[in-house]
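No lab work stands behind these numbers, since they all come straight from the coordinates. Because the structure is predicted, anything quoted here is derived from the model rather than measured. Here Cβ is always computed from backbone atoms with ideal geometry, including for glycine, and neighbour counts include all displayed protein chains.
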Amino acid sequence: MNVSMISRASYLSRHSLTLVTAAIITSLCAGCTLTPEYHRSAMPVATQWPVKEAHTASPVATVSWQELFADPKLRQVVQLALDNNRDLRIAVLNIQKAQAQYRIQRSELVPQVGVSGAEKAQRTPASVSYTGIGGVTRAYSLDVGISAYELDLFGRVRSLKEEARQAYLSTDWSRRATQISLIADVAGNYMSLAADQDLQRLAHETLRSRQEEYDLQKSLTIEGKSSPLPLHQAESELESARYQTLLADKQVISDRNALELLVGKPLPEDLLPSAYSLTGMTSAKPVSAGLPSDLLQQRPDIVAAEHSLLGANADIGAARAAFFPSISLTTSAGRASNALGELFDAGGRNWNFAPQINLPIFSGGRLMAQLETSNVERDIAVAKYEKTIQTAFREVADALAERSVVDRETDAQQKNVAASQAAFDFVQAQYANGATGYLNVLDAQRTLYAAQQSLIQSRLSQQHSQITLYKALGGGWTPGTLQDSN
């Protein structure tokens, strides 16, 4: 290509750039948006929690899950779940999908510039030629231009872009909600495993005790020092304890399987809960609920629902804009010649400018139905948003109510175990001295075993209540406390 051809190509590029720039400026300066102004609806809940809390607690938004969980093994298990859980992976992929869809919609705001080159060859027979001489004619062209670019005079494209943006943001916040739920579920399952392991140990200890008691009664019966009745009673208690042990073993296996499903991989043995570690799994530092209005910023599911509402609101703007004229622009500039070697010669410049306006006159009610659909979708989104707030309020209120009594319940169970142990020791001493029957010993054993089981369950409820409140309040998703979605 010679210098003259390069100069002409530069002119072609400048001329096309001028057309593109003019189109962009026209679009950016044109028109308005028909999206309704958004007003956040009043919270459909009370302004205060039903249960008052201590004012010395730390706000939940400042507490990360690493701070909440005091057990180092539990923190490692939660991190494994964040790295391997498939539901969280799907949530992250949904974000990437929504982000790509938003970029697609956003690209409609700018002209799509393309370069096209063409060669056309046509043979004309002599019988139809004006000159009576047949032959082949050729034409060459090279163009840079814009194809069917819509000037967004009434904000239709911008409304669709905003709808896609809100969908992306809603998906991102839904991922945060998924992550907080995962953290709470993993912690809850880990604590349940720890509690059931404690119950398993208690069941095995009880089985050994029942076995020793049965052996003693069997020996006394053989020696003729006791009637067969205590032996049969001891045998019944032994088999009952054996059955309870089998149930406890099965429950521990089930708990571990459920936990490994959440974690996304087999759990190493060294990360299993330590014996009797349930009490110290969460930090003793209390968590503050703040005010109900704080939930609007703290709960990711509420924020996600509001973004969905904003997206539905933007869709109304697009539906309204469909009633107004739309103008699309197709333009190009380039070179044309009958000979390829003369494509960049003087006089070969060509251009094309083809604006098109489309004014809807009759659509059989389609446009009105689309607008009505958009309005209904917005109303549905409002109802879902308000229901999400109400659900969050109830979850927090229930969690606060549980927290207000669970510590006292655990204290009562500890006193119950101590009293049951003292009663059992006293009855055993009386039985050894012949002052009471074996049936009283069995009753005291059952009472003590039930009290010990209840204490473990109460401690589990105590730990679960902390996790439940933390999850209900939205968890600590401040910067640095959640995994990066990318």
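How far apart, in nm, are the 7 Å Cα→Cβ label points at SER41 and THR436?
6.3 nm
Which ordering of SER227, SER461 is given by a fewest-first count of other beta-carbon atoms within 10 Å?
By the 10 Å Cβ count, ascending: SER227, SER461.
Over the range 203-333, what is the relative contact order in percent, taking alpha-carbon pairs closer than 8 angstrom and at least six residues apart?
16 percent
Please list log₁₀ I(q)/I(0) at q = 0.14 Å⁻¹ for the range 295-415, using the Debye equation with identical point scatterers on the alpha-carbon positions.
At q = 0.14 Å⁻¹ the computed log10 ratios are -0.83.
What's the exposure ranking of ILE133, ILE467, ILE90, ILE361, going from fewest to most Cβ atoms within 10 Å?
With the sparsest Cβ surroundings first, the list reads ILE361, ILE133, ILE90, ILE467.
For a Förster distance of 60 Å, can you work out the FRET efficiency between the beta-carbons of ALA401 and LYS225, rounded to the nearest 0.05?
After rounding, the FRET efficiency stands at 0.60.
If I model a spin label as a point 7 Å beyond the Cα along the Cα-Cβ vector, how far apart are those points for THR137 and GLN356 in nm?
Between THR137 and GLN356, the label points sit 2.7 nm apart.
From the backbone phi of the range 98-115, what are the Karplus-calculated ³J(HN,Hα) couplings (6.51 cos²θ - 1.76 cosθ + 1.60, θ = phi - 60°) in whole Hz, Gly and Pro given as x?
Rounded to whole hertz, the list is 5, 5, 5, 5, 5, 5, 4, 5, 5, 5, 5, 6, 10, x, 8, 8, x, 10.
Which lysines, if any, have their Cα less than 26 Å from the Cα of LYS250, not counting same-chain residues under 8 positions apart?
Partners within reach: LYS73, LYS265.
Quote the relative contact order of the range 68-203 in percent (integer), defining contacts as alpha-carbon pairs under 8 Å separated by 6+ residues.
Computed over the range 68-203, the figure is 34 percent.
Tell me, what ³J(HN,Hα) does each residue in the range 65-78 have, in order and in whole Hz, if you take phi through Karplus 6.51 cos²θ - 1.76 cosθ + 1.60 with θ = phi - 60° and put x for Gly and Pro?
My calculation for the range 65-78 gives 5, 5, 6, 5, 8, 7, 6, x, 5, 4, 4, 5, 5, 4 Hz in order.
Using Cα pairs closer than 8 Å and at least 6 residues apart in sequence, work out the relative contact order for the range 109-166, in percent.
That works out to 39 percent.
Using a simple spin-label model with points 7 Å from Cα along the Cα→Cβ vector, what separation in nm is obtained for SER328 and SER363?
For the pair SER328/SER363, the computed spacing is 1.5 nm.
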